Amino acid sequence: MKQYETMYIIKSSLDDAAKAALVEELHAIITNHGGKIDNVEDWGLREFAYEIDGMTKGYYVVTTYTIDTDGLNEFKRLLGINADVVRSMTINTEEKAGK
């Protein structure tokens, strides 16, 4: 299993309860596939550098986790099709650290 970091942006139109439920649902994908959440950083509401689908703001969340390749692929797939996730980016933190 390898360590990854994913930053994703949630629509700003969601209320706090819906945002928290979505984050929990997304992180459950990782744990349900045998992964482990190492760290979650809520960066809060931020303005975009440019407009995305008519939106100018979004909630940023950065999650560091350990998971196998199959679980990672499923997590990325479900992030990509979730209508409340505006954008996401995943990096392998082991490669970044030179491990």
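Where residues in region 1-52 are within 17 Å of Asn82 (Cα to Cα) and touching a helix residue (DSSP H, G or I) at 6+ places or on another chain (Cβ under 8 Å), which of them is surrounded by the fewest Cβ atoms within 10 Å (Cβ to Cβ)? Once the filter is applied, the top-ranked residue is Leu14. Among the residues of region 53-78, the ones that are of a type in the set (A, V, I, L, M) and surrounded by fewer than 16 Cβ atoms within 10 Å (Cβ to Cβ) come to 3 in all.
Candidates Asn82, Asn39: the one that is over 15 Å from Gln3 (Cβ atoms), within 12 Å of the chain's Cα centre (by Cα) and modelled with pLDDT of 95 or more is Asn82.
The values are calculated or read from the model by the stated rules, or taken from the named source; none is laboratory data. Remember, predicted model here, so these are calculated numbers, not experimental data. Quick reminder, even Gly has a Cβ in these numbers, built from the backbone with ideal geometry, and neighbours come from all protein chains shown.
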